[in-house]
Amino acid sequence: MKKKIVEYYFDGTYSFSISRDANGHKVGTLKEIKSGTILAESIPQKVLPENVENLFNAAKIIINAAWQDGKISPEERVVFDQAFADVAFTEEQRKLLEKEFVSPSSLDTLLPDVTSREDKLLILETSLLLIVADNEFHPQEKAFIEKLIAAFKLDVKDYSLLYLMLPESVKKYIVKESLHKTFAMKADEIKVLDKLVKVQESTEIDHDLVYAKFVSNWKNRSARYQHLKTY
């Protein structure tokens, strides 16, 4: 069965066509136009040009989240740069990100540009991980998360899916700080969800891991936040 191409790019020498596989995931085929030789196919979804602007906006929100405790250490800044080193930001975008570390943009100017469900979930998940990476949870950080939730207006099923993914060290803050009420999840629902999660060894959450996972998960966020049929 011939796959339907949903996006197509070319520069005169190469073409890159994007279709969906049997599971509905985006995959790409790279072809040399002159010879017709297929150089690579079934390439998983990447950070394509049309997604870089969205990623740039999301990165600014993540920097904003990191600022909520009032500081960003030089070490944290280094691991941020390392995580985003291979992203195709323009020089102008990178200069603007530099400014975000000095004086972050107002969240109100950034949130309207976050429109896809997957982007919202990834930003919210990453923000929660960042905020507890220093083993603290400040009132300003709680207010930041609640502002994301109010702006994103996600479904309770999305929050349940996110809750299942989060490590135990983050879940305890969701309950302790009553964030589950903002999530529109009830205490008895949380008990049911906890029974579905296998007990795992606790993994230390650090900034290096959080930023690296954010960039990695951006590339496969559509698949990451799929609702399973058995859910």
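The values are calculated or read from the model by the stated rules, or taken from the named source; none is laboratory data. Please read these numbers as outputs of a predicted model, since none were measured by experiment. Note that each Cβ is placed from the backbone with ideal geometry, even for glycine, and that neighbours are counted across all protein chains shown.
Here are the numbers for this structure:
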item: Of all residues in the stretch 1-25 being among the charged types (D, E, K, R) and not in a loop (DSSP other than H, G, I, E, B), the one that is modelled with the lowest pLDDT; result: E7
item: Within the stretch 11-30, tally of residues that are more than 11 Å from E41 (Cβ to Cβ) and not aliphatic (A, V, I, L, M); result: 10
item: Residue in the stretch 217-231 that is among the β-branched types (V, I, T) and in a helix (DSSP H, G or I) present; result: no
item: Top-ranked residue of the stretch 123-154 - restricted to ones that are without any contact (Cβ under 8 Å) to a residue 60 or more places away in the chain and of a type in the set (F, W, Y), ranked as surrounded by the most Cβ atoms within 10 Å (Cβ to Cβ); result: F137
item: Residue match in the stretch 47-56 (condition: within 22 Å of the chain's Cα centre (by Cα), in a loop (DSSP other than H, G, I, E, B) and in contact (Cβ under 8 Å) with a residue 60 or more places away in the chain); result: yes
item: Qualifying position, being free of Cβ contacts under 8 Å to residues at least 24 places away in the same chain, of a type outside the set (G, A, S), closer than 24 Å to H227 by Cα and in a helix (DSSP H, G or I), among K120, K99, K172, K157; result: K172
item: Qualifying residue in the stretch 119-128 (condition: on the phi < 0 side of the Ramachandran plot and out of contact with any helix residue (DSSP H, G or I) (no Cβ under 8 Å at 6 or more places or on another chain)); result: no
item: Identity of the residue in the stretch 32-80, closer than 16 Å to D134 by Cα and among the small types (G, A, S), that ends up modelled with the highest pLDDT; result: A65
item: Matching residues in the stretch 120-142 - criterion: being over 14 Å from I205 (Cβ atoms) and at pLDDT 95 or above; result: K120, L121, L122, I123, L124
item: The stretch 138-154, residues that are in a helix (DSSP H, G or I) and either among the hydrophobic types (A, V, I, L, M, F, W, C) or not assigned by TED's automatic domain parsing to the domain that holds P104 (or both); result: A143, F144, I145, L148, I149, A150, A151, F152
